[in-house]
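Working notes for the structure below.
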Amino acid sequence: MKAIRLSEIAELLGGELVGTEDPWITGAAGLDHAGPGDLTFLIRKKLLDRLKESGVAGVLIGPDQEVDLPAVRVDDPYGAFALFLERLLPDRDRDFPPGVHPTAVIDPTADVAAATSIGPYCVVGPGTVLGTGCRLGSHVVLGADVTVGEGCLIYSGACVREACLIGNRVVIHSGVVLGTDGFGFLPGKNGIRKIPQVGIVEIQDDVEIGAGSCIDRATTGRTVVGAGSKIDNQVQIGHNVTIGKMCLLSAQIGIAGSCIIEDGVTMGGQVGVADHRTIGAGARIGAQAGVAGDIEAGATVFGTPAIDIGEYFRMFASLRKLPELLRRVTRLEKRISGGSDKGSAAHDNGQEKN
């Protein structure tokens, strides 16, 4: 990055320069990796010693923090650091050179005039429309009658199939497939019959979809991802699922068909959700949970089957006591039957009988 004074960073972030020193900042990193010349941030006071050892040029601190280093005081150090990192983003024109690459294949009926960049070997199908400022990386495939809104970034190797709708400022990473056929089949005496999947996928504004994720088209109607939701890598969303607004879905989640995920839901990695389930607004689901039933709004659940997280950890704590409980039951059975429990007691103490 181009060097910048700490005082300029304070002005950029709406913060207050602390002290009289005004060093040059040449990089940015979290505290674990920060070194000379870097800007970092401090949230936990117990990391002050590590901060001093790092040799950083400057640090973002909160309203109630004090450090013996050049600093900028802000309301939210981590949020301000994230804002500063936007300066380090690569030049879009370098990653997505303006214009249409000569190897791109664009149907004559497609409307791509407003797009900023269409990369090498892209394919744009008939009737497809690209909004103002869209950028397509290499080998992107857009099927027939796809609509892409303004300011979208679609990275190399992504595929959006026929008739799907993409909102404004959507980011689609490499290897994403939108609008593949839903898993709809009807077993019968003559074999397994495919159910035609004639719906679409709708991705609303400001959604980001991680690499390798797949979102199935609806059998009829729409599979929907709501505005502002963020989807991690390798997530599978089945046909006719509705994802609400501002949801966070971590990697390797699988959501079966016709589920309703309401606004503000957070799911950890590798969560599995059975079909036709409803997860209420603001619910939180821990990593690797298996959701076999509906989840109430605001609930926090964990485990398989997913249950209230407090109940889960009480059950887990009880399991740790199970071996001792079994030994006690064995001794009680012997007493009731008139036998002796001395041998059992000796065994419990790790002693051998003479």
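Read-outs: derived from the displayed coordinates by stated rules, not from any lab. As the structure is a prediction and not an experimental result, all values here were calculated from the model. Positions of Cβ are generated from backbone atoms using ideal geometry, with glycine treated the same way; all protein chains shown enter the neighbour counts.
May I ask for the net charge around residue 205, where only other residues with Cβ less than 13 Å from the Cβ of residue 205 are counted and Lys, Arg are +1 while Asp, Glu are -1?
Net local charge, residue 205 excluded: -1.
Looking at the chain, which longest stretch skips every one of the chymotrypsin sites (Phe, Trp or Tyr not before Pro) that is in a DSSP loop with at most 16 other Cβ atoms within 10 Å, leaving the sites themselves out?
Segment 184-354 is the longest.
Kindly work out what percent of the DSSP beta bridges joining two residues of the chain are antiparallel, to the nearest 5.
Roughly 15 percent of the beta bridges in the chain run antiparallel, per DSSP.
If neighbour count is taken as other Cβ atoms inside 10 Å, put 328, 217 in order from fewest to most.
Working: 328 14, 217 25.
Ranking 328, 217 by Cβ neighbours within 10 Å, fewest first, gives 328, 217.
Considering the dipole of the chain built from charges on the beta carbon (Lys and Arg +1, Asp and Glu -1) around the Cα centre, which of 138, 322, 250 is farthest to its positive end?
Positive-most Cα among the choices belongs to 322.
With point charges of +1 on the Cβ of Lys and Arg and -1 on the Cβ of Asp and Glu, referenced to the Cα centre of the range 156-289, which listed residue (200, 174, 184) lies farthest in the positive direction of the dipole?
184
Test of understanding: ordering 173, 276 by Cβ neighbours within 10 Å, fewest first, what list do you get? The partial results should precede the final answer.
On the way: 173 21, 276 12.
Ranking 173, 276 by Cβ neighbours within 10 Å, fewest first, gives 276, 173.
Of 295, 237, 309, how do they rank once you tally other Cβ atoms within 10 Å and put the fewest first? Display every interim value, and only then the final one.
Details: 295 24, 237 29, 309 17.
Listed from fewest to most nearby Cβ atoms, that is 309, 295, 237.
About its Cα centre, what dipole magnitude does the range 131-203 give when the only charges are +1 on Lys and Arg Cβ and -1 on Asp and Glu Cβ, stated in debye to the nearest 20?
280 debye
Taking +1 at the Cβ of each Lys and Arg and -1 at the Cβ of each Asp and Glu, which of 285, 43, 27 sits farthest along the dipole of the chain towards its positive end, judged by Cα position relative to the Cα centre?
Checked the options; the winner is 285.
What is the Rg over Rh value, at two decimals, for the range 1-128, using alpha-carbon atoms and the Kirkwood definition of Rh?
When Rh is taken as the Kirkwood radius, the ratio is 1.25.
Cross-chain or 8 or more residues apart, Cα under 28 Å: how many lysine pairs in the chain fit that? Count them up, please.
Qualifying lysine pairs in the chain: 8.
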